[in-house]
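To start, the structure under review is shown below, and the notes come after it.
None of the figures in this text is laboratory data; all of them are computed from the coordinates on show. The model shown is predicted, which means the values in this text are computed figures rather than measured ones. In this analysis, Cβ positions are derived from the backbone assuming ideal geometry, glycine residues included, and neighbour counts consider all displayed protein chains.
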Amino acid sequence: MRNSIKISSLITALLLAVLFSPTTQAQVLPKFGVKGGLNYSTFNSSDDGADDIEFKTGFLVGAFVDIPIPATPVSVQPEVLYAKYGANLKDTDISIDMNYLQIPVLLKFGFPTPAASPNVFFGPYMGFNMKSEVKVNDISANADDYVEDTDFGVVVGAGIDITKIRVALRYTAGLTNIAKSSPNVDYKNGAFALTVGISF
């Protein structure tokens, strides 16, 4: 719980420090945009049953604001995303679907060239469970009572900006045990995502 509070405080502090900095307000115009992509998610776990968990394909979609820091190749990029996570159980027709409202705050380092701007980024995220289900073929059952309401973790990745188009590959690593009221079970979200966005 203490780690969750620290990550939440870090997200808030980063966002407020940049948005309300006098230098930022006077010299920098943020770039707003939208993005979407595919998730390839699973549960990271050291439990014995982890070998039975397989990756599941989902999607994410949302918006971002890219706030450059003057006189540096660095920017801060808060995002608001709707992301589908979960996993499949090996050799079965059972899948777990988890829908999150996710708020990452990323520190982005660019390497501008005349043609494009490659970049790397990392930062914390906070996620809110919107709906979780267990599915067997076409039958589904609500699983919210078994999944934590909030999720915290980190995002790392790399991308390239070509004029207004932004392509990136990221990995989301959850730090929260999402199994509610199950201290003997340790499942954390993990997902690769390929995203494409456009800035305005």
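Over 24 Å between C-alpha atoms is what I'm after, so list which of 56/164; 56/180; 31/188 land there. As for pairs spanning more than 24 Å Cα to Cα, those are 56/164; 31/188. Under a 5 Å amide H cut-off, with hydrogens placed 1.01 Å from N, residue 150 pairs with 129 among residues at least 5 apart or on other chains. Across segment 50-126, counting alpha-carbon atoms alone, Rg and Dmax equal 17.2, 54 Å. By the count of neighbouring beta-carbon atoms within 10 Å, fewest first, 79, 54 end up ordered 54, 79. Here the Karplus curve 6.51 cos²θ - 1.76 cosθ + 1.60, taken at θ = phi - 60°, turns the phi angles of segment 84-101 into couplings of 9, 10, x, 6, 9, 9, 4, 6, 9, 9, 9, 9, 10, 10, 10, 10, 10, 8 Hz, with x standing for Gly and Pro.
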